[in-house]
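To start, the structure under review is shown below, and the notes come after it.
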Amino acid sequence: MNADVVPGVVAVILVSVATLAIGTWGLRISRTTSDFLVASRTVRPRLNASAIGGEYLSAASFLGVAGLLLTFGAEMLWYPVGWTAGYLVLLVLVAAPLRRSGAYTLPDFAEARLGSRGVRKLCSVLVVGIGWLYLLPQFQGAGVTLRSTIGAPPWAGSLVVALVVLASVSPGGMRSITFVQAFQFWLKLTALLVPVFVLLAVWAADGAPDPTTTAASSWSTPLASGGGVGLYTTYSLIVATFLGTMGLPHVVVRFYTNPDGRAARRTTLAVLVLLGVFYVLPPLYAALGRIYAPDLIDGRSDVLVLELPSLMVGGLLGAVLTGLVTAGAFAAFLSTSSGLTIAVAGVLSQDVTGRRWGSYRLGGVASFRVAAAIAVVVPLLMSLPAQDVAVARTVGLAFAVTASTFAPLLMLGIWWRGLTPAGAVAGLLVGGLGSGAAVAWTLATSSSSGWAAALLGQPAAWSVPASLATMVVVSKLTAASVPAHAGRFMVRLHTPEAVDLQR
Amino acid sequence: MSDQPPPRVRVTGPPRRRASGVRSAGTREIDAETALGEVFMRSLLREQLLLALRVLAALALTLGLLPLAFHLFPALGDVRVGPFPLAWLLLGALTYPWLVLLGWLYIRRSEANERDFADLVGSVLPEEPR
């Protein structure tokens with residue numbers, strides 16, 4: 001072990017210890033099943049917004065965006081823009097009604113709205129599938145980070161993240177993880193913000209060279225290449241990110257922790273502010289990387305954020321800044337993985353581990369802990385053989401799938417009382433199988449160009465309308481089975497809590 | 001483990017709903033699902049949905065038209081504002097205040113809609129300091 005790895009090792013240990021310490025502190029005030037699953041619905045907007053930001057900014061945001069911008073330029077700005085704008089769409093269409101629905105998880109919402117066990121089961125399967133799909137790249141990214149900063153074998157990073165997540169989630173559940181994630185948002189912001197000031201000072205001292213001189217003109221064009229195909233790819237990405245956010249299980253589960261619908265809206269606005277501040281930073285790293293890290297442009301762009309400080313600033317200051325960004329990256333894996341684990345474990349504990357098995361039945365908290373272990377171990381095992389799948393690609397896939405399944409279900413379920421169970425199931429199947437098959441094909445085959453690759457690589461622009469249309473048409477055909485309580489449920493979703501109504 | 005804190009006790013009060021005594025005519029219409037109650041609910045839903053669609057339209061007509069603009073006028077890729085390429089300035093920085101502004105306007109209007117609804121059904125929403 002040489003001196004180069006010291007900042008990385010110190011950073012990883014400090015972040016892990018802080019996470020466990022805050023999680024343990026949460027244990028002291030976490031007692032009931034309601035604390036575990038939704039923090040007893042007492043989280044105030046600012047704390048909740050920090051926690052959502054902490055949970056949402058994953059490896060893809062912290063490392064991936066700057067790397068993609070470095071290599072491909074302005075077309076990749078649609079990722080951070082879409083991931084932020086998704087919260088505006090969520091705010092205007094979903095936030096307050098979702099909280100007012102009074103459900104714990106997405107399957108709970110589907111069952112309460114449609115009164116159907118079948119829809120509930122399908123939603124549970126989708127939540128677990130999407131959660132595992134999203135956990136997989138987090139574990140892989142952790143492996144890449146530890147290999148880059150301290151030279152550890154790739155499985156070591158995955159294992160460390162999995163163990164810390166399990167240790168911090170299973171004792172305290174949602175209530176303790178709220179504090180952990182709020183802490184990790186501010187850690188991630190600091191870890192990008194402080195180095196950027198130093199790096200900009202170095203850049204100014206060097207006479208402020210122009211980053212665009214070495215770049216092709218496409219670096220300044222916010223469009224994928226290829227004319228019409230590029231236009232389709234860009235718009236499809238916009239659809240996937242703008243709509244996909246509202247269906248992410250680990251984000252949605254956070255809305256149930258708000259005290260009421262009004263607080264849910266304010267939380268979402270605060271999230272917009274926090275994300276807006278954060279996402280200004282990765283483009284600065286990418287622009288500086290064009291000047292100072294040209295070697296990373298092809299192939300190793302994912303480690304740009306981790307290596308830029310040591311490339312631009314030497315000595316002790318460079319080592320400290322490297323430690324800081326490593327800590328931020330590690331916090332990114334931990335917080336997103338924790339949030340996903342909570343969401344998946346919440347569903348598993350209600351529908352699998354909390355059920356009666358023979359004559360034996362686990363209690364609420366015990367079944368949550370068993371479910372958390374299952375939620376972590378499965379994607380960990382999946383990540384061990386496949387260490388070289390691109391992080392951002394898998395995360396993009398998860399957005400396309402949620403935009404094609406839960407987004408239509410939520411939008412129609414909240415705003416259209418004519419939705420029927422049969423319509424919801426048909427739409428979920430069309431959207432889920434369509435987008436899932438398209439992206440599975442893309443991941444299995446190597447990259448190619450042309451319309452077929454674009455349509456399958458970015459399916460959201462056709463799979464979302466297909467899912468919506470299927471839900472509407474099948475619901476119209478089965479109009480007789482509109483749930484009898486649909487009108488009453490609309491009252492619950494849309495009227496302010498302070499108005500005295502039967503809900 | 002002898003120094004454990006005492007177990008938590010759930011303290012509950014009487015249900016708030018029945019405490020107010022007389023209920024307003026509007027809320028009774030909605031609870032009874034009469035034609036008039038239906039009109040109240042449909043007007044609230046329409047107002048809120050129109051508001052949401054207006055915000056989404058504003059988003060589509062600004063951010064949503066950018067790819068098309070850069071596709072139709074490729075020369076925009078070379079435009080610079082001071083030291084920044086136009087696309088980087090628009091998407092890397094200016095988008096975020098715009099999103100926050102849209103969100104803030106939405107919250108103001110949607111809470112006003114809810115106050116109007118409460119007035120309509122004869123109930124008063126508590127004012128909450130920001």
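When A:Thr33, A:Thr42, A:Thr105 are checked against the criterion of being touching a Gly at 6+ places or on another chain (Cβ under 8 Å), modelled with pLDDT under 85, surrounded by fewer than 23 Cβ atoms within 10 Å (Cβ to Cβ) and of a type in the set (Ser, Thr, Tyr), a single residue qualifies: A:Thr33.
Considering each residue of the stretch A:133-145 in turn, none proves to be modelled with pLDDT under 85 and either within 14 Å of chain B (Cβ to nearest Cβ) or more than 21 Å from the chain's Cα centre (by Cα) (or both).
Considering each of A:Val202, A:Val180 in turn, give the residue that is more than 24 Å from the chain's Cα centre (by Cα), farther than 24 Å from B:Leu86 by Cα and not in a loop (DSSP other than H, G, I, E, B).
On the way: A:Val180 fails: more than 24 Å from the chain's Cα centre (by Cα).
Exactly one residue qualifies, and that residue is A:Val202.
If you check A:Pro222, A:Pro209, which single one turns out to be surrounded by 17 or more Cβ atoms within 10 Å (Cβ to Cβ) and of a type outside the set (S, T, N, Q)? Steps first, answer last, please.
On the way: A:Pro209 fails: surrounded by 17 or more Cβ atoms within 10 Å (Cβ to Cβ).
Result: A:Pro222 is the single residue among A:Pro222, A:Pro209 that is surrounded by 17 or more Cβ atoms within 10 Å (Cβ to Cβ) and of a type outside the set (S, T, N, Q).
Is one or more of the residues making up the stretch A:168-191 surrounded by fewer than 21 Cβ atoms within 10 Å (Cβ to Cβ), within 23 Å of A:Asp351 (Cα to Cα) and at pLDDT 80 or above? Among the residues of the stretch A:168-191, not one is surrounded by fewer than 21 Cβ atoms within 10 Å (Cβ to Cβ), within 23 Å of A:Asp351 (Cα to Cα) and at pLDDT 80 or above, which makes the answer no.
Restricting the search to the stretch B:25-58, which residues are touching a residue at least 12 places away in the same chain (Cβ under 8 Å) and either farther than 17 Å from A:Arg265 by Cβ or aromatic (Phe, Trp, Tyr) (or both)?
Step one: of the stretch B:25-58, the residues touching a residue at least 12 places away in the same chain (Cβ under 8 Å) are B:25-27, B:29-30, B:40, B:43-44, B:47-48, B:51-52, B:55, B:58.
Of everything in the stretch B:25-58, those that are touching a residue at least 12 places away in the same chain (Cβ under 8 Å) and either farther than 17 Å from A:Arg265 by Cβ or aromatic (Phe, Trp, Tyr) (or both) turn out to be B:Ala25, B:Gly26, B:Thr27, B:Glu29, B:Ile30, B:Phe40, B:Ser43, B:Ala58.
The one condition from (1) modelled with pLDDT under 90; (2) within 11 Å of another protein chain (Cβ to nearest Cβ); (3) surrounded by fewer than 22 Cβ atoms within 10 Å (Cβ to Cβ) that A:Val277 does not meet is (1). Within the stretch A:191-210, the set of residues being aromatic (Phe, Trp, Tyr) and closer than 26 Å to A:Val12 by Cα comprises just one member, A:Phe197. Under the condition of being under 10 Å from the mean Cα position of the chain (by Cα) and either over 20 Å from A:Val125 (Cβ atoms) or aromatic (Phe, Trp, Tyr) (or both), the residues counted in the stretch A:245-260 number 1.
When residues in the stretch A:437-486 are screened for being within 14 Å of chain B (Cβ to nearest Cβ), surrounded by fewer than 17 Cβ atoms within 10 Å (Cβ to Cβ) and not hydrophobic (A, V, I, L, M, F, W, C), 1 of them pass. So B:Phe70 fits all but one of (1) surrounded by fewer than 19 Cβ atoms within 10 Å (Cβ to Cβ); (2) within 30 Å of A:Ser220 (Cα to Cα); (3) among the aromatic types (Phe, Trp, Tyr); what number is the exception? (1) is the only condition that B:Phe70 fails. Contact annotation: residue pairs with Cβ atoms under 6 Å, 6 or more positions apart or on different chains, pairing a residue in the stretch A:311-325 that is in contact (Cβ under 8 Å) with a residue 40 or more places away in the chain with a partner that is aromatic (Phe, Trp, Tyr), are A:Met312/A:Tyr292.
May I ask you to verify whether A:Ser367 is of a type outside the set (Lys, Arg), at pLDDT below 85 and under 23 Å from the mean Cα position of the chain (by Cα)? For A:Ser367, the condition - of a type outside the set (Lys, Arg), at pLDDT below 85 and under 23 Å from the mean Cα position of the chain (by Cα) - is not met.
Condition first: over 30 Å from B:Glu29 (Cβ atoms) and without any contact (Cβ under 8 Å) to a residue 40 or more places away in the chain. Now tell me which residues in the stretch B:104-123 satisfy that.
Applying the first criterion (over 30 Å from B:Glu29 (Cβ atoms)) to the stretch B:104-123 yields B:104-105.
Listed by number, the list holds a single entry, B:Trp104.
Cβ-Cβ contacts under 6 Å between residues 6 or more apart (or on different chains), taken from a first residue in the stretch A:217-237 that is facing chain B (nearest Cβ under 10 Å) to a second residue that is crowded, with 20+ Cβ neighbours inside 10 Å and not in a helix (DSSP H, G or I), are listed as A:Ser220/B:Pro85; A:Gly230/A:Leu223; A:Gly230/A:Ala224; A:Thr233/A:Ala224; A:Thr233/A:Gln458; A:Thr234/A:Leu223; A:Thr234/A:Ala224; A:Leu237/A:Gln458.
Is at least one residue of the stretch A:107-125 in contact with a Lys or Arg (Cβ under 6 Å, 6 or more places away or on another chain) and among the aliphatic types (A, V, I, L, M)? Reasoning before the result, please.
Narrowing the stretch A:107-125 to residues in contact with a Lys or Arg (Cβ under 6 Å, 6 or more places away or on another chain): A:107, A:110-111.
Subset that is among the aliphatic types (A, V, I, L, M): A:110.
Yes, the stretch A:107-125 has at least one match.
Scanning the stretch A:100-139 for residues that are in a helix (DSSP H, G or I) and among the β-branched types (Val, Ile, Thr) turns up A:Val119, A:Val125, A:Val127, A:Val128, A:Ile130.
What helices (runs of 4 or more DSSP H) lie completely within the stretch B:33-130 and have 3 or more residues being facing another protein chain (nearest Cβ under 9 Å) and farther than 30 Å from A:His485 by Cβ? Lay out the reasoning, then the answer.
Working: elements: B:35-62, B:66-72, B:86-89, B:95-120.
Fully inside the stretch B:33-130 and qualifying: B:66-72, B:86-89, B:95-120.
The values are calculated or read from the model by the stated rules, or taken from the named source; none is laboratory data. Bear in mind the structure is a predicted one, so any value in this text is a computation, not a measurement. Using ideal geometry, Cβ is built from the backbone for each residue, glycine included, and neighbour counts are taken over all protein chains shown.
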